[in-house]
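Enquirer: My questions will all concern the structure given below.
The values are calculated or read from the model by the stated rules, or taken from the named source; none is laboratory data. Note that this is a predicted model, so its numbers are computed, not measured. A quick note on method: Cβ atoms are made from the backbone with ideal geometry, for glycine too, and the neighbour counts reach across all protein chains shown.
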Amino acid sequence: METIREPERNVPVIAETDICVLGGSCTGVFAGIRAARLGARVVLVEKQGRLGGCAVNSLVNVWHSLYDTEYRRQIIAGLTLETIDRLRKRDAVVQTDNNPSTAFIFNSEELAIELDELIIESGIKPYLHTAFAGPLAQDGELIAVAVENKSGRGAIKARMFVDATGDADLCHRIGLPTYVREHLQPPTACARFDGWKALDHTRIRALVREHGAEFALPLCFAWGADVPGSDIHMVAGTRIWGKNCADADDLTFAEMEGRRQVRAIADILRRHYPGAHLTLQALPSLIGIRETRHVRCLYRLSDADVLHGRRFEDAVANGSYRVDVHHQDRPGITLKYLDGTQVYSVADGSEPEIRRWREKTATNPTFYQIPLRSLIPEGSRNVIVAGRMLDAEAEAFAGVRVMVNMNQTGEAAGVAAFAALSGNQNIAESDAAVVRKLLSEGGSIVL
């Protein structure tokens, strides 16, 4: 490969802080807020113009249940619940009880503004439209990150860093161990339509199934959600196979292919559904990415840990969402439930395949946990991860990856970073008991 030498230059330090959070998804925002509420100075860097990640920029306006699988015991609270309560005051969220697929449907635009307000209230210094450009080390230790924005290139110095980039960009660039699975869960481009709610959804599925091949649409699992208080409907019906969105070329292809598939779905209905009057109202500014890189951490969450509801002494997050595998190597999805039931569904008109992944037992686990060790990279001194790059086996990841779970990893990362700084420790030396105590005092449910 041809190279061009970049001249050496001095980079101005634009901020010095205790904790720098890279990535402004809800996971990253919640990491920053929890650390700031404990007294840390926090800088948050986001490459887009809005906070909220998938919940805002990818249009995925659904959060799952805060209760166990039997809906008897609340297992999630913290900033997820606080944010829901704030949205309720604006009639911007609809709650569905006892539903394994959906618990809260919200207005993503209202959430974006709410996150702005939470950041301002917490005293965090945000940098929007600011891209992480690379790590800056001194004597082998990460001391700052270089960023690029409208003001040019600058450095943000910090004592601790939270990698909430989704793709483990910081960990990967500083040489901490990462890995990419052979079969990544594929990304989906969502879209918002006016006129969708008036159509018969069974007929929609049949038409897309019948005419999809004409438009090069892959067979996939489709779902959607109304935008509260409006006639707008969010549709998640696309799938891009064989691409790793941590790669620049693959990400570019996925973004454009996702938009092409959205238009293809609309064109099928406009052509073959008499009386359909669809208007495309919104496309995501970032495709909905399920999985890219993972970081090798002090503990890899196993499939058995999740499916059998293992408890951890250093647990920092709880979840009850089923294992939800969107396949890369075949159509459809596989759902595995903690009660031992398994369902495989394909959008080809066939009946779902229902069987058991384990024999029936007298009792079933009702939730699973994520340990703090699954967020601490091997060999890290001052970097902790938050979000979908955590260390987990494939099926374990397929359950824990949803937003209500990842939100908690953000809160835990922010608290752990603060605790390590307070104790003058490396991040790997964080006392899990202290982290859990601080999480509980801050409103999280620690079990």
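Enquirer: Counting just the residues of segment 97-135 that are hydroxyl-bearing (Ser, Thr, Tyr) and modelled with pLDDT of 95 or more, which one comes out nearest to Arg34 (Cα to Cα)?
Expert: In this case the residue turns out to be Ser122.
Enquirer: Filter segment 196-234 for residues that are on the phi > 0 side of the Ramachandran plot and either modelled with pLDDT of 95 or more or of a type in the set (A, V, I, L, M) (or both) and give the result.
Expert: Of everything in segment 196-234, just one residue is on the phi > 0 side of the Ramachandran plot and either modelled with pLDDT of 95 or more or of a type in the set (A, V, I, L, M) (or both), namely Ala216.
Enquirer: A further question follows. Across segment 82-106, what is the total count of residues that are in contact with a Gly (Cβ under 8 Å, 6 or more places away or on another chain) and in a helix (DSSP H, G or I)?
Expert: Adding up the residues that qualify gives 1.
Enquirer: Conditions first: (1) surrounded by fewer than 17 Cβ atoms within 10 Å (Cβ to Cβ); (2) in contact with a strand residue (DSSP E or B) (Cβ under 6 Å, 6 or more places away or on another chain); (3) part of a strand (DSSP E or B). Pro126 passes all but one, so which condition is the exception?
Expert: (1)
Enquirer: Same structure again: Identify the residue in segment 245-293 that is of a type in the set (A, V, I, L, M) and more than 22 Å from the chain's Cα centre (by Cα) and, among all such residues, is surrounded by the most Cβ atoms within 10 Å (Cβ to Cβ).
Expert: It comes out as Ile265.
Enquirer: Name the pairs: first residue in segment 407-432 and without any contact (Cβ under 8 Å) to a residue 12 or more places away in the chain and of a type outside the set (Lys, Arg), second residue crowded, with 24+ Cβ neighbours inside 10 Å and in a helix (DSSP H, G or I), Cβ to Cβ under 7 Å, at least 6 apart or on different chains?
Expert: Listed by first residue and then by second, the contacts come to Glu429/Ala420.
Enquirer: Condition (residue is without any contact (Cβ under 8 Å) to a residue 60 or more places away in the chain, in a loop (DSSP other than H, G, I, E, B) and under 25 Å from Ala112 (Cα atoms)) applied to segment 51-61: is it met by at least one residue?
Expert: So far as segment 51-61 goes, yes, one or more of its residues are without any contact (Cβ under 8 Å) to a residue 60 or more places away in the chain, in a loop (DSSP other than H, G, I, E, B) and under 25 Å from Ala112 (Cα atoms).
Enquirer: Would you point out which residue out of Arg322, Arg330, Arg290 is touching a Phe, Trp or Tyr at 6+ places or on another chain (Cβ under 8 Å) and more than 24 Å from Trp196 (Cα to Cα)?
Expert: Selected residue: Arg322, the only one of Arg322, Arg330, Arg290 that is touching a Phe, Trp or Tyr at 6+ places or on another chain (Cβ under 8 Å) and more than 24 Å from Trp196 (Cα to Cα).
Enquirer: Another question about this same structure. Tally up the residues in segment 223-235 that are farther than 13 Å from Ala282 by Cα, buried (at least 18 other Cβ atoms within 10 Å of the Cβ) and in contact (Cβ under 8 Å) with a residue 40 or more places away in the chain, please.
Expert: Result for segment 223-235: 2.
Enquirer: Does Gln48 fit the bill of being in the same structural domain as Gly379 (by TED's automatic domain parsing), within 30 Å of Thr238 (Cα to Cα) and not aromatic (Phe, Trp, Tyr)?
Expert: So Gln48 fits the description; yes.
Enquirer: Within segment 107-123, can one find any residue that is assigned to a strand (DSSP E or B) and at negative phi?
Expert: There is no residue in segment 107-123 that is assigned to a strand (DSSP E or B) and at negative phi.
Enquirer: Does Ala164 satisfy the criteria of being closer than 21 Å to Ile376 by Cβ, in contact with a helix residue (DSSP H, G or I) (Cβ under 7 Å, 6 or more places away or on another chain) and not aromatic (Phe, Trp, Tyr)?
Expert: The answer is yes for Ala164.
Enquirer: Could you please find all residues in segment 62-81 being hydrophobic (A, V, I, L, M, F, W, C) and either part of a loop (DSSP other than H, G, I, E, B) or modelled with pLDDT under 95 (or both)?
Expert: Leu66, Ile75, Ile76, Ala77, listed by residue number.
Enquirer: Starting from residues that are in contact (Cβ under 8 Å) with a residue 24 or more places away in the chain and among the β-branched types (Val, Ile, Thr), keep the ones in segment 361-398 and report whichever is farthest from Gln328 (Cα to Cα).
Expert: Restricting to residues being in contact (Cβ under 8 Å) with a residue 24 or more places away in the chain and among the β-branched types (Val, Ile, Thr), the top hit is Val383.
Enquirer: Of a type in the set (A, V, I, L, M, F, W, C), modelled with pLDDT of 95 or more, assigned to a helix (DSSP H, G or I) and touching a Ser or Thr at 6+ places or on another chain (Cβ under 7 Å): does that describe Val306?
Expert: Against the criterion (of a type in the set (A, V, I, L, M, F, W, C), modelled with pLDDT of 95 or more, assigned to a helix (DSSP H, G or I) and touching a Ser or Thr at 6+ places or on another chain (Cβ under 7 Å)), Val306 does not qualify.
Enquirer: Tell me, which residue of segment 179-189 that is surrounded by fewer than 20 Cβ atoms within 10 Å (Cβ to Cβ) and either among the basic types (Lys, Arg) or touching a strand residue (DSSP E or B) at 6+ places or on another chain (Cβ under 8 Å) (or both) is farthest from Arg239 (Cα to Cα)?
Expert: Tyr179
Enquirer: Then there's this: How about segment 326-386: which strands (runs of 3 or more DSSP E) wholly inside it have at least 3 residues that are farther than 30 Å from Leu421 by Cβ?
Expert: Filter on segment 326-386 gives 333-336, 341-345, 353-356.
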